[in-house]
Amino acid sequence: MKKFLALSVIALTATASAQTFSTQPFELGLTGGYAGGLSGEVFVHAPFISGPFGIKAGVSYARPTALFNENGSFGVITYGEAKRLVEASGEQVREAGSNVVIGVDGTYSLGELAPGLDASVYAGGRYGLFNRSVSFGAETTTYTSNTFGIGAGVMASYPLSGNVSLVGDLGVDHFFDAAVTTSNADGTYSVNPGEAGYSDTRNLVNFPGTYFKARVGFKFMF
């Protein structure tokens, strides 16, 4: 009998917990704007896991405003000088690159700041995957770096209709120094923070250090 009662209590508790969790709102959002360049983010947010505390996970993509620093060192000359020499020879210079950032944040709801206007603050970890490539004619050099960081910000939302809301996101991200890997026809090699040449390489490729972000978009509540 005691065993039956114990199992009944456990079952009731589990059922109540599942029902409580299932009633919590779940948000899916899409925003676009600026984050070191033209940027977009997709995120999911469970805002009330425990009282006003929630959790948000997102993936963002940005096309940096400047992929390479024209004054950065590129061998014995600057990158800008190298580009001009190649273009003067009739060869084409092609640049490509992106910043992909995965973020997981804890959130805290500030509630309704004005009629219909809700806001929450967030902070958490970041993992950035950065790449740049430049092709001088048929010769391509690629630079990559994967690094951890931290970030924080504030999100505000205003309901539009049904389960759709307008959302704005203002924040700042900071990424720590990490190894930069260079690949070209001569092979692949990496340079680590503190090693000779690291500062010149980081200066050349414009990988993010600290940048502010501002995005606006929509979120859907389920």
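The values are calculated or read from the model by the stated rules, or taken from the named source; none is laboratory data. Note that the coordinates shown come from a computational prediction; the quantities given were computed from them, not determined experimentally. Glycine also receives a Cβ, built like all others from the backbone with ideal geometry; neighbour counts cover every protein chain displayed. Note: areas computed on protein heavy atoms with side chains; ligands, DNA, RNA excluded. Shrake-Rupley method; radii C 1.70, N 1.55, O 1.52, S 1.80 Å.
Side notes on the structure shown:
- Using the 1.4 Å probe convention, the accessible area of the range 149-189 works out to 51 Å² per residue with neighbouring protein chains retained.
- The distance linking the range 92-134 with the range 160-192 is 9 Å (Cα centroid to Cα centroid, whole angstrom).
- Surface composition of the range 24-95: carbon and sulfur make up 63 percent of the accessible area, probe 1.4 Å.
- Point-to-point label distance, Glu70-Glu195, nm (Cα→Cβ direction, 7 Å offset): 3.1
- Long-range amide H partners of Tyr211 with built H, under 5 Å: Asp173
- With contacts taken as Cα pairs under 8 Å and at least 6 residues apart, the chain reaches a relative contact order of 20 percent.
- Stretching the chain fully between Gln92 and Ala185 yields a gain of 31.7 nm (0.36 nm per residue, less the alpha carbon separation).
- Ordering of 89-99, 183-193 by packing is 89-99, 183-193, highest average first (other Cβ atoms within 10 Å, averaged per residue).
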